[in-house]
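Trainee: The structure under discussion is supplied below as structure tokens; questions concerning it will follow.
Nothing in this text is a laboratory measurement; each read-out follows from the coordinates by a stated rule. Quick caveat: nothing in here was measured; it's all calculated off a predicted structure. Every residue, glycine as well, gets a Cβ built from its backbone with ideal geometry; the counts of neighbours run over all protein chains shown.
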Amino acid sequence: MKLYDEFEERGYKVQAFLPTNSSEKDWIVKVFIKEIKIPMNIEPRFGVDSNDLRALEEETAKLMESLP
């Protein structure tokens, strides 16, 4: 799949993906309902710091729990 178009509508981010080969015959549309930013404490030069990874996992779990 290849990103065909991306836009915002009514506060939601929408992405449409175009099939890129004959085995893919459908559009894929993704609608993002919420985006959060999780600050990193250490620049990931050689990979992700374990504390930053833990923060990512914790905040993602909170986000998933908040979804219907």
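Trainee: Val14 is checked against (1) of a type in the set (Val, Ile, Thr); (2) loosely packed, with under 11 Cβ neighbours inside 10 Å; (3) touching a Phe, Trp or Tyr at 6+ places or on another chain (Cβ under 9 Å) and fails just one. What number does that condition carry?
Mentor: Of the numbered conditions (1) of a type in the set (Val, Ile, Thr); (2) loosely packed, with under 11 Cβ neighbours inside 10 Å; (3) touching a Phe, Trp or Tyr at 6+ places or on another chain (Cβ under 9 Å), the odd one out for Val14 is (2).
Trainee: Are there any pairs, at least 6 apart or on different chains, whose C-beta atoms fall under 6 Å, with the first in region 35-63 and without any contact (Cβ under 8 Å) to a residue 24 or more places away in the chain and the second of a type in the set (A, V, I, L, M) and part of a helix (DSSP H, G or I), and if so, which?
Mentor: What qualifies is Ile38/Ala55; Ile38/Leu56.
Trainee: Is region 9-24 home to any residue that is closer than 21 Å to Ser66 by Cβ and in contact with a helix residue (DSSP H, G or I) (Cβ under 7 Å, 6 or more places away or on another chain)?
Mentor: For region 9-24, residues closer than 21 Å to Ser66 by Cβ and in contact with a helix residue (DSSP H, G or I) (Cβ under 7 Å, 6 or more places away or on another chain): absent.
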